[in-house]
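Student: Before I ask anything, let me first share the structure, which is written out below as C-alpha cells.
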C-alpha cells in the first residue's frame, strides 16, 4: 500500500490527507447529527405515543359521557311515563282514585263499602299520598282475585298493610283489613 502512496508527490499526499481528514470530520459530524436526530425522533415517538393515549382516553371519556347522557334521557322519559301513566294527577283529586277502586272491586267481583281515606304530603319527594283503608270479608279465592286485580291495575297503587283479624279457619269467612296507598304527582 505504501508503494501506491509513493507514486504521489507531497502536494497530492497533503491533498489526500486533507480529504481524508475532511472525510473523517464529515463522518464524525454525521454521526453526531445522526445520534441527535435519533434521540429527537425517540422523543417525538414518545410524545406521539402519549398523545395517542391521551386521545384514546378522551374518546373513552366522550363515549362514557354520551352513555351517561343517554341514561339521564332514559330516566327522564321513565319519570315522565311514571307521571302520566302511573301516578294520579293532582287536579283530579281523590275522585280518580275512588273510581279506580270501584273498577278494581268490580273486576274482583267483590263489594266494599267501608272505605276510609287518609292524606299526607311527602314534601321531600314532592308527592301527595292518599291512604285507603278497607275491610275485605269473603273467601280466600276472592281475596286472591282482589290482590290480582290490584296488581294488574295500571296505576301506581301499593298495598301498604294487610291484617288478618280472622283467618277463615273452621268454616268462617276470611276477614282482612287492607291499606292501599295511591300517589299524586311527582
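Each reported figure results from applying straightforward, stated rules to the coordinates on display, with no laboratory input. Fair warning: this is a prediction, and the values are worked out from it, not measured in the lab. Here Cβ is always computed from backbone atoms with ideal geometry, including for glycine, and neighbour counts include all displayed protein chains.
Student: Kindly provide the Kirkwood hydrodynamic radius of region 94-184 in Å, to one decimal, from all pairs of distinct alpha carbon atoms.
Tutor: The Cα-based Kirkwood calculation yields 13.8 Å.
Student: Beta carbons within 10 angstrom, averaged per residue: use that to sort the peptides 87-95, 23-31, highest first.
Tutor: 87-95, 23-31
Student: With r defined as the distance between the Cβ atoms of residue 172 and residue 124 and R0 fixed at 25 Å, what FRET efficiency is calculated, to the nearest 0.05?
Tutor: 0.05
Student: Please find the FRET efficiency linking residue 6 to residue 47, where r is the Cβ-Cβ separation and R0 is fixed at 41 Å, and quote it to the nearest 0.05.
Tutor: 0.15
Student: Here is a follow-up. Report, in deg cm²/dmol and to the nearest 500, the calculated mean residue ellipticity at 222 nm for the chain, where each DSSP H run with n ≥ 4 adds -39500 (n - 2.57) and the sum is divided by the residue count.
Tutor: It lands at -20000 deg cm²/dmol.
Student: Report, to the nearest 10°, how far helix 10-81 tilts away from the longest principal axis of the Cα atoms in the chain, using its own Cα long axis and a range of 0 to 90°.
Tutor: Between the helix axis and the principal axis of the chain, the angle is about 10 degrees.
Student: How big, in percent, is the set of alpha carbon pairs in region 57-127 lying more than 18 Å apart?
Tutor: 63 percent
Student: Just need the Rg to Rh number for the chain, please, alpha carbons only, Kirkwood Rh.
Tutor: So for the chain, dividing Rg by the Kirkwood Rh gives 1.81.
Student: Which percent, to the nearest 5, of DSSP beta bridges fully inside the chain are antiparallel?
Tutor: That works out to approximately 95 percent antiparallel.
Student: I'd like to compare 142-154, 34-46: which one has the highest average count of other Cβ atoms within 10 Å, and what's the full order after that?
Tutor: Top of the packing list down: 142-154, 34-46.
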